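Notes for the one structure printed next.
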Amino acid sequence: MSHKKYFTLSFDDGIEQDKKLIELLKQYGLQCTFNLNGGLLGEKNYVAYAGEIGFMNLPPRAKIRRSLFKTVNQYRIPADEIAQVYAGFEIAAHAFMHEPFKGASAEKINESLDKDREVLSRFTNQPITGFAYPGGFSSEIAGKCLEKKGFLFGREAFTSDSFAWPADPFRYKPTCSHKSKNVFELIDKFLDAEAENEDLLFMMWGHSYEFDYGTENSSLEHMERVFEKISGHNGIIYCTNSFAFADHAKNKNPK
Ligand SMILES: [Zn+2]
């Protein structure tokens, strides 16, 4: 039996800068999973950052010393626009209010998942089968809740530098971020890798507001260089994350 190589993207928060990203994705024939918060659609916040690290999500009226921090807009796309903006791409859940699941009870997590799913599927008319952990941390309880509710995977934010399929798909570390310093090295490695004994997955994650940092590793131009290098190769399946996880499960248990 032959094994497959999948390349997927996973971008968080459902923000205005996704529109530019989507133009690039279409240009390079790539798919992406967008992780949205059903309770925050249309919210306007901003993110304080230093260098290439965004470290604080702030509400519009938060007073910060603008002289000390640089900020970028984090304007979430309103509910009545999401079906159109994300047409042809996967929408996944990212917690109803972007609340962290680490340390939360099963009851709270289930409530958040149900509300997020209800709103996102109502506005996009697609089933919601993927999840990305806000803040990046998973928990054993959260992984179990996702599995029970029929989700296909839960993505963390801390990277693995690896193409191996996760032992636990509900607490999965992506390969790298679009702004990881070794992103081009990893792409070279992935292009050379043979899926001899198992399926391989290269999942790249990020936030499109990070393009506004305009740094060497975090800009729209840098993203385009990444897409140029990874796209258009025979033998790589470019797909959404739910497709990859469902297809991989089929490969493992052919009927
Ligand atoms: Zn987020």
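The values are calculated or read from the model by the stated rules, or taken from the named source; none is laboratory data. These figures come from a predicted structure and were not determined experimentally. No Cβ is skipped: glycine too gets one built from the backbone with ideal geometry, and neighbour counts run over all protein chains shown. Ligands, DNA and RNA are excluded from the accessible area calculation, which covers all protein heavy atoms including side chains. Shrake-Rupley method; radii C 1.70, N 1.55, O 1.52, S 1.80 Å.
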Those residues of segment 86-116 which are part of a helix (DSSP H, G or I) and over 16 Å from the mean Cα position of the chain (by Cα) amount to ALA106, GLU107, LYS108, ILE109, ASN110, GLU111, SER112, LEU113, ASP114, LYS115
Does GLY14 satisfy the condition of being surrounded by 14 or more Cβ atoms within 10 Å (Cβ to Cβ), within 15 Å of the ligand (Cβ to nearest atom) and under 17 Å from the mean Cα position of the chain (by Cα)? yes
Output the number of residues of segment 204-224 satisfying the condition of being open to solvent by 10 Å² or more (accessible area, probe 1.4 Å), of a type in the set (A, V, I, L, M, F, W, C) and not in a helix (DSSP H, G or I). 1
Those residues of segment 152-171 which are within 16 Å of the ligand (Cβ to nearest atom), without any contact (Cβ under 8 Å) to a residue 60 or more places away in the chain and not in a loop (DSSP other than H, G, I, E, B) amount to GLY154
Scanning segment 18-37 for residues that are within 13 Å of the ligand (Cβ to nearest atom) and not in a strand (DSSP E or B) gives ASP18, ASN37
Hey, does segment 196-208 have a residue that's modelled with pLDDT of 95 or more, at positive phi and over 15 Å from the mean Cα position of the chain (by Cα)? no
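Would you tally the residues in segment 119-151 being part of a loop (DSSP other than H, G, I, E, B) and either in contact with a Gly (Cβ under 6 Å, 6 or more places away or on another chain) or within 14 Å of the ligand (Cβ to nearest atom) (or both)? Give the steps one after another, and end with the answer.
The first filter runs over segment 119-151 and keeps only residues part of a loop (DSSP other than H, G, I, E, B), leaving 125-129, 133-139, 149-151.
In the following step, the residues that additionally are either in contact with a Gly (Cβ under 6 Å, 6 or more places away or on another chain) or within 14 Å of the ligand (Cβ to nearest atom) (or both) were identified as 133-138.
Count: 6.
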Check segment 241-249 and report whether any residue there is over 19 Å from LYS102 (Cα atoms), within 16 Å of the ligand (Cβ to nearest atom) and not acidic (Asp, Glu). yes
Just one of PHE227, PHE243 is assigned to a helix (DSSP H, G or I), open to solvent by 20 Å² or more (accessible area, probe 1.4 Å), of a type in the set (Phe, Trp, Tyr) and under 30 Å from GLN74 (Cβ atoms); which is it? PHE243
Pull out all pairs, ordered by first then second residue, where Cβ-Cβ is under 7 Å, the residues are six or more apart or on different chains, the first lies in segment 1-17 and is closer than 12 Å to GLU90 by Cα, and the second is within 16 Å of the ligand (Cβ to nearest atom) and of a type in the set (D, E, K, R). SER10/ARG155; PHE11/ASP18; GLY14/ARG76
Please state which one of ALA48, ALA92 is within 30 Å of ASP247 (Cα to Cα) and within 16 Å of the ligand (Cβ to nearest atom). ALA92
Mind telling me which of the residues LEU191, LEU146, LEU152 ends up being closer than 18 Å to PHE34 by Cβ, at pLDDT 95 or above and open to solvent by 20 Å² or more (accessible area, probe 1.4 Å)? LEU152
